[in-house]
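Working notes, structure below.
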Amino acid sequence: MIEIDHVYKRYRRQPGGGWVLRDINLTIPQGVSVGLVGRNGAGKSTLLRIIGGIDQPTRGQVRRHCRVSWPIGMAGDFKGSMTGRQNVKFVARIHGTSDAEVQAIIDRVEAFAELGEAFNRPISTYSSGMRSRLSFGMSLAFEFDVYLSDEATAVGDRQFKRKAAQAFKDRVGQASLIMVSHAEGILRELCDAGLYLEDGIAYWYDDVHDAIAAYHAATEGGSGEQGETQAAARDE
């Protein structure tokens, strides 16, 4: 279970200093996979980073009662001067794995990411897609209760995209997902509930199809009925 308790977020350097997220207050039940939808710039990636603990809210807090991954597809937190192999080893050590487990994790990530010789080159030489592939492989090498995905299945060529989608399918049942994707098909296939973000406000739907419908209604000019649970916004 993940509790999001009256979370607000804004960035001081953002023009106008407006709120990216406003008073998001909801609970994501254990074992429920959630599709996160909204316009570009609606705050989906920001919320995912806050849930994963790699960004902090301006107000409020997130309580995680389970093991939550870092957002797969966001690969900006690698050490650029270290190689892909060294980054994987470093993260494995942080997670307290034994020497034998560290090597097994390195082998799994190397095979999954399909980076070839680039695996032994500094991260600073990687493209954004290569970083995302490494992040994807590294996330799946560890056991989490909830996996966070930010467009992770859109990375790489067609074959890798199929491989990434299958990897998530294999995890469903063993773990749950909180997934941002413009590929609505995979959201419909893998997610149970939906969370629709609009103007910094979050609307919860017990059925992901309803969240997608609300998003379409808003973007196509319809009013759309709001979700069952609304994180109401309050002006500062």
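The values are calculated or read from the model by the stated rules, or taken from the named source; none is laboratory data. Please read these numbers as outputs of a predicted model, since none were measured by experiment. So basically every Cβ, Gly included, is an ideal-geometry build from the backbone, and we count neighbours across all protein chains shown. In case anyone asks, the SASA skips ligands and DNA or RNA and just uses the protein heavy atoms, side chains included. Shrake-Rupley method; radii C 1.70, N 1.55, O 1.52, S 1.80 Å.
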Q. Just checking, how many residues over segment 28-61 are of a type in the set (S, T, N, Q), at pLDDT below 95 and either within 10 Å of the chain's Cα centre (by Cα) or part of a strand (DSSP E or B) (or both)?
A. 2
Q. Just one of the numbered conditions (1) exposed (fewer than 14 other Cβ atoms within 10 Å of the Cβ); (2) small (Gly, Ala, Ser); (3) within 20 Å of His182 (Cα to Cα); (4) touching a strand residue (DSSP E or B) at 6+ places or on another chain (Cβ under 8 Å) is not true of Gly41; which one?
A. (4)
Q: Mind listing whichever residues of segment 70-89 are assigned to a loop (DSSP other than H, G, I, E, B), touching a strand residue (DSSP E or B) at 6+ places or on another chain (Cβ under 7 Å) and at pLDDT 80 or above?
A: Gly80, Ser81, Met82
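Can you find a residue that is among the β-branched types (Val, Ile, Thr) and not in a helix (DSSP H, G or I) anywhere in segment 90-103? Give the steps one after another, and end with the answer.
In the first step, residues of segment 90-103 are kept if they are among the β-branched types (Val, Ile, Thr); the result is 91, 94, 97, 102.
Now drop any that are not not in a helix (DSSP H, G or I), which leaves 97.
Yes, the conditions are met somewhere in segment 90-103.
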(Q) So the check is Cβ under 6 Å with 6+ separation or different chains; which pairs have a first residue in segment 47-74 that's closer than 19 Å to Arg22 by Cβ and a second one that's part of a loop (DSSP other than H, G, I, E, B) and at pLDDT 90 or above? (A) Arg49/Asp55; Ile50/Pro57
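Yes or no: segment 17-24 includes at least one residue that is open to solvent by less than 60 Å² (accessible area, probe 1.4 Å), touching a Lys or Arg at 6+ places or on another chain (Cβ under 9 Å) and of a type in the set (D, E, K, R).
The answer is yes; a qualifying residue exists.
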Q: Note down all Cβ pairs under 8 Å where the first residue falls in segment 199-212 and is under 16 Å from Met179 (Cβ atoms), the second is small (Gly, Ala, Ser) and part of a helix (DSSP H, G or I), and they're at least six residues apart or on different chains.
A: Tyr205/Ala211; Tyr205/Ala214
Q | Qualifying positions in segment 23-46 - touching a residue at least 24 places away in the same chain (Cβ under 8 Å), more than 14 Å from Tyr196 (Cβ to Cβ) and not β-branched (Val, Ile, Thr) | A | Asp23, Asn25, Pro29, Gln30, Gly31, Ser33, Ser45
Q. So Tyr8 clears everything in (1) part of a loop (DSSP other than H, G, I, E, B); (2) open to solvent by less than 40 Å² (accessible area, probe 1.4 Å) except one condition, right? Which one?
A. (1)
Q: Could you look through segment 86-129, keep only residues that are open to solvent by less than 70 Å² (accessible area, probe 1.4 Å) and among the hydroxyl-bearing types (Ser, Thr, Tyr), and pick out the one that is farthest from Ala164 (Cα to Cα)?
A: Ser98
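Which members of segment 99-135 meet the condition of being on the phi > 0 side of the Ramachandran plot and either modelled with pLDDT under 90 or within 25 Å of the chain's Cα centre (by Cα) (or both)? Reasoning before the result, please.
To start, the set of residues in segment 99-135 that are on the phi > 0 side of the Ramachandran plot comprises 114, 116.
The one that is on the phi > 0 side of the Ramachandran plot and either modelled with pLDDT under 90 or within 25 Å of the chain's Cα centre (by Cα) (or both): Glu114.
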